[in-house]
1. Quick check: pseudo-label points 7 Å beyond the Cα along Cα→Cβ at Asp240 and Thr16, how many nm apart are they?
2. Can you give me the C-alpha center-to-center distance between the range 11-66 and the range 147-210, rounded to a whole angstrom?
3. Label-point separation (nm) for Ala95 and Leu141, each offset 7 Å from Cα along Cα-to-Cβ?
4. Taking 0.36 nm per intervening residue step and subtracting the Cα-Cα distance, what contour gain separates Gln250 from Arg117 on full extension?
5. Over the range 41-190, what is the relative contact order in percent, taking alpha-carbon pairs closer than 8 angstrom and at least six residues apart?
6. Could you compute the longest span of the chain free of trypsin sites (Lys or Arg not before Pro) located in DSSP loops and having at most 12 other Cβ atoms within 10 Å, not counting the site residues?
7. Which whole-number percent gives the relative contact order of the chain, counting Cα pairs below 8 Å spaced six or more residues apart?
8. Dipole size in debye (nearest 20) for the chain around its Cα centre, Lys and Arg Cβ +1, Asp and Glu Cβ -1?
Amino acid sequence: MRSDTFHSIDAQKAQTLEGQLAAQNLACSVRWMEQTTSTNADLLQRVRAGGGALSPQLLVVGHQTAGRGRQARVWQDAGNSLLTSLAWPFAPGAAIAGLSVAVGVWLTQSLRGLGSREARLKWPNDVLLHGRKVAGVLVELADTPQARWAVIGIGLNLRTPPDMPHATGLDAIGSNPPDRWEVLHKLAPALLAGLPIFAQSGLAPWIDAWNHLHAWTGQAVAVLDQGETRHTGIALGVDDSGCLLLETPQGLRRVSSGDVSLRLAGAGAGASLGSP
């Protein structure tokens, strides 16, 4: 089948998703592109320029040439990924501490609802499947006079990337994994329903869910900053700001995400995927 035919099918599926969201009173524009540099960068530029008024915007692409994640990491796009970003307008100056942690809960619950029962969370913004990274979240902000825009980027491996032993894909759950649109039909309503609640209540409604889904609860971990170990201790849960609670010999520490990384104690740095 020709690539332009695939493009047409995906564009139609984007329209279908937009219509179904509207039918659920979850108004959101859905745009498909065959390729862009980065879904986050595309939407950040768009909202800063005043495009799309003050309404949620979902961008889905087939391939991106400069996908990125925390700490300037690159998202290794092997062409078998869901690459999407949602631009959501909060009130100007709104506090959004812990948003990426909440998004991780919605994403993991959606994957579990699609059959990935082993999906778990790794602080601060990764989803693991059978102990390997299957998805990442990157939240970036754009302030305009009308809104504080949160651009929520999600990169999800639909199929296991080659030559990346620390990564996996949804094909790990069986021979017929969901495609990008099946995932989005589950995920987009979860995002659009959760964000207004987050705007009112912050992370609090999802702390228990995050802690329940936490992959490394009770395990010895190391907090790394630029590759250097900053803290070691026992991983507990998160607080209402999305900080990791770490039990150390010096007492309880709150670790903010910033530019730090989390590893199981004694584990190597390993490969890391980014996000859109």
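The values are calculated or read from the model by the stated rules, or taken from the named source; none is laboratory data. These numbers were taken from a predicted model, which means no experiment stands behind them. Methodologically, a virtual Cβ is constructed for each residue, glycine included, from the backbone with ideal geometry; neighbour enumeration extends over all protein chains shown. Only protein heavy atoms, including side chains, enter the accessible area calculation; ligands, DNA and RNA are left aside. Shrake-Rupley method; radii C 1.70, N 1.55, O 1.52, S 1.80 Å.
1. Once both label points are built, they end up 4.3 nm from each other.
2. 15 Å
3. 1.2 nm
4. Net length gain for the segment: 44.3 nm.
5. Relative contact order comes out at 25 percent.
6. Longest site-free region, per DSSP loop and neighbour criteria: 118-276.
7. Rounded, it is 19 percent for the chain.
8. Approximately 100 debye in magnitude.
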